[in-house]
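J.: Next up is a structure, given as C-alpha cells.
The values are calculated or read from the model by the stated rules, or taken from the named source; none is laboratory data. Note that this is a predicted model, so its numbers are computed, not measured. Ideal geometry is used to build each Cβ from the backbone, glycine not excepted, and the neighbour counts take in all protein chains shown.
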Amino acid sequence: MISFKTRILFTFHLLSSIVCYSQSKNSEKTITEGNTSELNEVVISVRNNAKKNKQIASTIDTISSKELERANNTNFAPVLNRIPGIFMQSGSLNTNRITIRGIGARNLYGTAKIRAYYKDIPLTNGSGETNIEDFELASIGAIYIIKGTSALKYGAGLGGVIQIKPHESNGNQSSIFNQLTIGSFGLSKGIFKVNYSTKKNNIQTIYSDTHSNGYRENNEYNRQTFTVSTNHYFGKNDELSLLSSFVDLKAFIPSSINQNDYKNNPKKAAFTWKQAKGYEDVIRGLLGLSWKHQYNNNLIQTTSVFSSFKEAYEPRPFDILKEKTHAIGIRTKLLGNLKLWNSNLDYTLGGEFFKDTYQYQNYQNLYQDYPSGTGSVQGNELSNFKEKRNYYNLFLESNYQLSLKTTLSVGLNLNKTAYNLKDNFAFSSSNPDQSGNFKFKNILSPKFGISYNPLKNIRLYTSINHGFSPITLAETLLPDGQINNNLKPETGWNYEIGTRGEMLSNRLQFGLALYSLNIKNLLVAKRTAQDQYIGVNAGKTQHNGLELTLNYYWLKNKKLSISSFTNYTLNHFTFKKFIDDNKDYSENDLTGVPSDVFNTGVDFNSNIGIHGNLNYQYVGSMPITDSNSLYSDSYRLTNLKLGYTISLFKKLDLDTFIGINNIFNKAYASQILINASGFGNSAPRYYYPGNPLNYYTGINLKYLF
C-alpha cells in the first residue's frame, strides 16, 4: 500500500511538471477569481472567469448552477461530494452529516462545527448546528465553500463556511419555469418558478413539492418549500434585497441497522423506530432584508437584518422531542480600498450579532403499551427547558499589495458566545433546578497569509489561521437533561500551502492544497444508553490532508463542448492524544472520515440539444470505532444523466432528461453511526444502507416573456 508521504510527493512532482510546462509556454492568460460579491473574499477560483488580477492567501470553491444541474435536484450529497475536502453522508433525505476536512465527523446526528449562510442570513443556530438539506436545490444559484479556519468574517469556524446564493436574474428577461420529475422509490417532484425582471427590479418566486416513499421501511418523505428573492435598485449607489424561505417537512426515520441486516436485509428499518413509527415534523422559515450602499468608488457598506424560526415534533423510540426556535440578528460590513505607502490596501471591517431562543420539551413515548402498528403515543413530560443563546463576531480582514506579484493578508476575529438556561420542569430532590447562565471566554482568532504569482495565471499561497467550534446543545446535555458547563470549545490552528491557476489557453484549470489542522479540547460523544450520549473533552486530533482539483476542456466550439473534472481528497486524520474510559486511542485514525475520496466525470453539450454527464466516485474505507477495530468498506458509484433540449416556439424551451444512479448496483453504507453500542442482546447499529440502482426522469418547460 502506498504511504501517505509517498502519495503527497508524487502529487507535488506531478504539479511541478505542470507548472514547469506552463512556464515553458510563457502563458499570458490573466488569473481568474471567484465571485466575490457574496463572501467578499479576494480569491482565485478554478471554476469562474473574471477580468481583474487580484491576489490571495485563501481560496473559495464554487458550485455553479450548471454543476447543481448535473444530478437529480433532490439530494445535496452528490453535489457537495464533488468538492475536495468536503464530504456529506446521507442516510436518507432528512438524515445527513456534512464534514469539511474531518471537522464535524464526530457529531452523531446532523451537521455541526460548520457555519452556513443563505446570502448573509445565518443557517447555523446559536449552538453551532446547521441544516441546509431542507432547502430546494432548484432555488439555489450557486454554493460557495471556504474550507478551514480562514473565514474570519463568518465566525472563524474550524470546518469552514458554506454559503448559499439564491437564483438571480441576469438582465431584464422575465420567465416562467415548470419542472416535473418522477423516479424510483415513489419519487415525485414538482417545481414552479416565476421570475420578473426590469432594469430596476427583480422578483423571483419558487414553489416545490417533493415526495418519496424511500428505499427502506419507515422512510416516507414529504416536503414543500416556498422561496421569494427580490432585488431593487435605487439609482447607481443603492440596492435593497429581500429574501424569504419557508419549508414544511414531514419525514419518517428508518435509523441505522446492524451489520447482519445491512448485508442481508438493507431495506429494513431499525426495529424500535419501525414500531414507534418515528418521524420528524418540521416547519421552518427565514426572512432577511439587506441594504447595499456605495459611498464612492473605494467604499461600500452592506447591512442585513434577519429573523428565522423553527417548530419541530419528533417521536423517537426513547422519547418524544418538541422544539421551538426563534432567531434574530444583524450583520454589517464595510468593504474599502485605499492607498498605503503607494500600494493598494483592500479591507473588510464589520460585525454580526445573533440571538436565538430555543424551547424544548421531552415526553414519554408509550408506543410499547399499545398494539403493534399504533405508532408513537405521547406520555408524561420528562423535561422542559428554555435556552437563550447569543453571540457576536467582530472582524477585520485586509489584503496589502507588497509588490506586483506578492500580497500580504491579515485578519482578526473576536467572538463572544453565551447561553442562558431556564428550567421550567417540576423540581424535586431528584430533579434540581438547572437554570443559570453559561458563558464562554472571548475567543480571538488571527489570520496571516502570503500569496505570490510567479506567472499571471498561476498563484501560490500559504496561510496560518486560528479557529474554534462552539459546543452544541446535544454535547452539553447530560442523560438527565442537565447541562454540563465544564466543557470547553474545540480550538485549533490551520497551516496551509497551495496553488491554483490556468494553463493551455484556459483549457486546463487546476488547484492543489496541503494543510495541517491541529485541534485541542476534542469533544467526544460518549454513549450512556440507547440513542443517548453525553459530550466530554477527551484529547487532541491532527488533520493532515491534500486536495487536488483538475478541470479540462477537451473540445469547445459552437457545435460541441466536452469537458472533464477530476477531484481527489487524501485524508490522514489521527487522534494525537485521546484517552477515553482509561482506553488509549492515541495515534488511531479519526473515526467517521474516509481515507480518500476520488471523483471524476465528463460533461458534454451539443448545438442539436443533446447534453449529459457521466460521473464516477470512489470513497475509501473509514473507521467506525475509536479503537479502529472495525472499518467500513470502500465503495464506487457511477451515475449517468442524459437530456434533450428543443425550442418549441421562439420563447418556449422544452428539456427532457433521464438519470440513472448507482448504475452497477453497488451495495454501500451511505452513512455511518460511529461507536454504536448494542444493548441487551441487540447488535450495534452502525449502518445506513445506500440506495441501490435507481432512476429518475423529468421534463422542464421554460417560457420567456
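J.: Out of all the residues in the range 48-59, is one or more at pLDDT below 90, under 30 Å from N694 (Cβ atoms) and in a loop (DSSP other than H, G, I, E, B)? It would help to see each step written out before you state the result.
T.: Going residue by residue through the range 48-59, those that are at pLDDT below 90 are 48-59.
Adding the requirement that they be under 30 Å from N694 (Cβ atoms) leaves none.
Within the range 48-59, not a single residue is at pLDDT below 90, under 30 Å from N694 (Cβ atoms) and in a loop (DSSP other than H, G, I, E, B).
J.: Another question, if that's okay. If we scan the range 530-542, do we find a residue that is touching a residue at least 24 places away in the same chain (Cβ under 8 Å), touching a helix residue (DSSP H, G or I) at 6+ places or on another chain (Cβ under 9 Å) and aromatic (F, W, Y)?
T.: Yes, the range 530-542 contains a residue that is touching a residue at least 24 places away in the same chain (Cβ under 8 Å), touching a helix residue (DSSP H, G or I) at 6+ places or on another chain (Cβ under 9 Å) and aromatic (F, W, Y).
J.: Separate question: With the requirement that a residue be closer than 30 Å to N431 by Cβ and touching a Leu at 6+ places or on another chain (Cβ under 9 Å), what does the range 388-410 give you?
T.: So in the range 388-410, the residues closer than 30 Å to N431 by Cβ come out as 388-391.
Within the range 388-410, K388, R389 qualify.
J.: Let me ask something additional. Just a yes or no: is a residue in the range 319-329 β-branched (V, I, T) and closer than 18 Å to S127 by Cβ? Break it down into steps so the answer makes sense when it comes.
T.: Quick first cut of the range 319-329, residues β-branched (V, I, T) only: 320, 325, 328.
Retained after the next criterion (residues that are closer than 18 Å to S127 by Cβ): 325, 328.
Checking the range 319-329: at least one residue is β-branched (V, I, T) and closer than 18 Å to S127 by Cβ.
J.: Pull up the range 362-387, narrow it to residues that are farther than 20 Å from A426 by Cβ and out of contact with any Pro (no Cβ under 9 Å at 6 or more places or on another chain), then point me to the one that is surrounded by the fewest Cβ atoms within 10 Å (Cβ to Cβ).
T.: Applying the first criterion (farther than 20 Å from A426 by Cβ) to the range 362-387 yields 367-377.
Add one more test, that the residue is out of contact with any Pro (no Cβ under 9 Å at 6 or more places or on another chain), and what stays is 369-374.
Values: D369: 10, Y370: 12, P371: 6, S372: 9, G373: 9, T374: 14.
Looking at the filtered set, the residue picked out is P371.
J.: Looking at (1) within 20 Å of I624 (Cβ to Cβ); (2) in a strand (DSSP E or B), can you tell me which one D261 breaks?
T.: Here D261 meets the rest and fails (2).
J.: Any chance you could count how many residues in the range 172-209 are outside any strand (DSSP E or B), in contact with a Phe, Trp or Tyr (Cβ under 8 Å, 6 or more places away or on another chain) and exposed (fewer than 15 other Cβ atoms within 10 Å of the Cβ)?
T.: 2
J.: May I pose another question? If only one of I562, I497 is hydrophobic (A, V, I, L, M, F, W, C), more than 24 Å from K147 (Cα to Cα), touching a residue at least 24 places away in the same chain (Cβ under 8 Å) and not in a loop (DSSP other than H, G, I, E, B), which one is it? Give the steps one after another, and end with the answer.
T.: Working: I497 fails: more than 24 Å from K147 (Cα to Cα).
I562 is the lone residue from the list that is hydrophobic (A, V, I, L, M, F, W, C), more than 24 Å from K147 (Cα to Cα), touching a residue at least 24 places away in the same chain (Cβ under 8 Å) and not in a loop (DSSP other than H, G, I, E, B).
J.: For I121, are the conditions met, namely being buried (at least 22 other Cβ atoms within 10 Å of the Cβ), within 22 Å of S64 (Cα to Cα) and at pLDDT 90 or above?
T.: Against the criterion (buried (at least 22 other Cβ atoms within 10 Å of the Cβ), within 22 Å of S64 (Cα to Cα) and at pLDDT 90 or above), I121 does not qualify.
J.: Would it be correct to say that R284 is in contact with a Gly (Cβ under 6 Å, 6 or more places away or on another chain) and in contact (Cβ under 8 Å) with a residue 24 or more places away in the chain?
T.: Values: in contact with a Gly (Cβ under 6 Å, 6 or more places away or on another chain): no; in contact (Cβ under 8 Å) with a residue 24 or more places away in the chain: yes.
No; evaluated as a whole, the condition is false for this residue.
J.: So which of D580, D603 is buried (at least 18 other Cβ atoms within 10 Å of the Cβ) and of a type in the set (D, E)? Outline the logic, then answer.
T.: Values: D580 fails: buried (at least 18 other Cβ atoms within 10 Å of the Cβ).
Sole residue among the options that is buried (at least 18 other Cβ atoms within 10 Å of the Cβ) and of a type in the set (D, E): D603.
Yes/no per residue for (1) at pLDDT 95 or above; (2) small (G, A, S); (3) part of a strand (DSSP E or B):
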{"position": "R527", "(1), (2), (3)": "no, no, yes"}
{"position": "Y533", "(1), (2), (3)": "no, no, yes"}
{"position": "V536", "(1), (2), (3)": "no, no, yes"}
{"position": "Q542", "(1), (2), (3)": "no, no, yes"}
{"position": "E547", "(1), (2), (3)": "yes, no, yes"}
{"position": "Y553", "(1), (2), (3)": "no, no, yes"}
{"position": "K558", "(1), (2), (3)": "no, no, no"}
{"position": "T566", "(1), (2), (3)": "yes, no, yes"}
{"position": "T569", "(1), (2), (3)": "yes, no, yes"}
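J.: On to the next question. Of the residues that sit in the range 88-113 and are of a type in the set (A, V, I, L, M), modelled with pLDDT of 90 or more and surrounded by 23 or more Cβ atoms within 10 Å (Cβ to Cβ), which one is nearest to F306 (Cα to Cα)?
T.: I98
J.: Considering L444, L414, L408, L421, which residue is under 24 Å from the mean Cα position of the chain (by Cα) and part of a strand (DSSP E or B)? Steps first, please.
T.: Numbers: L444 fails: under 24 Å from the mean Cα position of the chain (by Cα); L408 fails: under 24 Å from the mean Cα position of the chain (by Cα); L421 fails: under 24 Å from the mean Cα position of the chain (by Cα).
It is L414.
J.: So N218 fits all but one of (1) on the phi > 0 side of the Ramachandran plot; (2) in a strand (DSSP E or B); what number is the exception?
T.: (2)
J.: Quick one: in the range 335-352, of everything that is of a type in the set (A, V, I, L, M, F, W, C) and surrounded by 15 or more Cβ atoms within 10 Å (Cβ to Cβ), which residue is farthest from N380 (Cα to Cα)? Write out each step before concluding.
T.: Applying the first criterion (of a type in the set (A, V, I, L, M, F, W, C)) to the range 335-352 yields 335, 338, 340-341, 345, 349.
Going one step further and asking which of them are surrounded by 15 or more Cβ atoms within 10 Å (Cβ to Cβ), we end up with 335, 345, 349.
On the way: L335: 54, L345: 62, L349: 51 Å.
Among those residues, the one meeting the criterion is L345.
J.: Can you find a residue in the range 188-204 that is among the β-branched types (V, I, T), modelled with pLDDT of 95 or more and over 24 Å from the mean Cα position of the chain (by Cα)?
T.: Checking the range 188-204: not a single residue is among the β-branched types (V, I, T), modelled with pLDDT of 95 or more and over 24 Å from the mean Cα position of the chain (by Cα).
J.: Same structure again: What pairs come out if I take residues in the range 148-159 that are among the hydrophobic types (A, V, I, L, M, F, W, C) and pair them with residues that are part of a helix (DSSP H, G or I) whose C-beta lies under 9 Å away, six or more apart or interchain?
T.: Between residues of the range 148-159 that are among the hydrophobic types (A, V, I, L, M, F, W, C) and residues that are part of a helix (DSSP H, G or I), the close pairs are A151/L39.
J.: Further question on the same structure: Would you pick out the residues in the range 211-227 that are of a type outside the set (D, E, K, R) and either more than 12 Å from S188 (Cβ to Cβ) or crowded, with 21+ Cβ neighbours inside 10 Å (or both)?
T.: S212, G214, Y215, N218, N219, Y221, Q224, T225, F226, T227, listed by residue number.
J.: While we're on this one: Kindly indicate the residue of the range 288-312 that is of a type outside the set (S, T, N, Q) and within 16 Å of N131 (Cα to Cα) and also surrounded by the most Cβ atoms within 10 Å (Cβ to Cβ) among those meeting that condition.
T.: Across the range 288-312, the extreme among qualifying residues is K310.
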